[in-house]
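After the structure tokens below, expect a handful of questions from me.
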Amino acid sequence: METRKEKHDRYIRNLQNHIDSTKESTRYSSDRFDVLIISLSTSALVFSIGFVKDIIEDIHLIDTSLLKTSWLLFVLSIVSNLISQISGYYSNNLEISISRNLIREERGKSLPKNHKILELIKKNLNKFTIGLNGISFISLIGGICLIVLFFSNNI
């Protein structure tokens, strides 16, 4: 049967593992999803600008509102994604601090006075990051749909 001390030590090891996995998760998230969104948005923006310049002979004679809106959505996708990387980074750093505080508490030390504030800030940063990622993804999809619609109407 596991003693109280062994349970306590296992809990601390689990928290330390949580810190390590959060650091790994931070790296993975930043390296994959964000790069994909930024790459796709940038590629679509550059491709569509080049395509319009080379294929559509007299751009002034057609309605370019769909084209310009798609470009705006691609830029929005890139900017919101970059901001979400920053907010995600800070959220994960707060998660590490919070977990370290919990380890200190389990070792018999008191939690810092700002612990609850850190948890609240982290929660809000997580929501903000998720919102920005949603904006980025929806902007990318919307931009792609509008650029396809523009080209289907004008080629």
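Coordinate-derived values only; no laboratory data. The structure presented is a predicted model; accordingly, all values stated were derived computationally and were not measured. Cβ sites come from the backbone with ideal geometry, for glycine too, and all protein chains shown count toward neighbours.
Mean-square fluctuation check for the chain, GNM, Cα pairs under 10 Å: which of L61, L118, L76 is largest?
Sorting by GNM fluctuation, first place goes to L61.
Using the structure shown, select from K7/K116; K5/K109; K5/K122; K7/K109 the pairs with a Cα to Cα distance greater than 22 angstrom. Can you show the working numbers first?
Details: K7/K116 25 Å; K5/K109 16 Å; K5/K122 30 Å; K7/K109 17 Å.
Pairs exceeding the cut-off: K7/K116; K5/K122.
Residue-wise, which Karplus ³J(HN,Hα) couplings in Hz belong to the stretch 99-106, taking 6.51 cos²θ - 1.76 cosθ + 1.60, θ = phi - 60°, and x for glycine or proline?
Result, rounded to whole Hz: 5, 5, 4, 5, 5, 4, 4, 5.
May I ask which residue of Y89, S65, L102 lies farthest towards the positive end of the charge dipole of the stretch 57-105, with charges of +1 (Lys, Arg) and -1 (Asp, Glu) on Cβ and the Cα centre as origin?
Value: L102.
To the nearest 20 Debye, how big is the dipole of the chain about its Cα centre, given +1 on the beta carbon of each Lys and Arg and -1 on that of each Asp and Glu?
Details: 19 positive and 15 negative charges, 256 e Å.
So the dipole magnitude of the chain works out to roughly 1220 debye.
Still on this structure: How long are the semi-axes of the equivalent ellipsoid of the chain, defined as square roots of 5 times the Cα gyration tensor eigenvalues? Whole Å, largest first.
Working: eigenvalues 483, 39, 18 Å².
The equivalent ellipsoid of the chain has semi-axes of 49, 14, 10 Å.
Which ³J(HN,Hα) values, rounded to whole Hz and listed in residue order, are derived for the stretch 119-125 from phi using the Karplus coefficients 6.51, -1.76 and 1.60 in 6.51 cos²θ - 1.76 cosθ + 1.60 with θ = phi - 60°, glycine and proline given as x?
My calculation for the stretch 119-125 gives 5, 5, 4, 4, 4, 5, 5 Hz in order.
With springs connecting C-alpha atoms under 10 Å apart, model the chain as a Gaussian network and identify which of L73, L125, L15 has the largest mean-square fluctuation.
The residue that fluctuates most here is L15.
While we're looking at this one, here's another question. Which of these, E57, E106, E119, has the largest mean-square fluctuation under a Gaussian network model of the chain (Cα springs below 10 Å)?
Residue with maximal mean-square fluctuation among E57, E106, E119: E57.
What trypsin sites (Lys or Arg not before Pro) does the stretch 87-155 have in DSSP loop regions with at most 13 other beta carbons within 10 Å?
Details: sites: R100, R104, R107, K109, K113, K116, K122, K123, K127; in loops: R107, K109, K113.
Counting only loop positions with at most 13 other Cβ atoms within 10 Å, the trypsin sites (Lys or Arg not before Pro) in the stretch 87-155 are R107, K109, K113.
Could you go through the stretch 65-75 in sequence order and give the Karplus-derived ³J(HN,Hα) for each residue, using 6.51 cos²θ - 1.76 cosθ + 1.60 with θ = phi - 60°, rounded to whole Hz, and x for Gly and Pro?
Couplings: 4, 5, 4, 5, 5, 5, 4, 4, 5, 5, 5 Hz.
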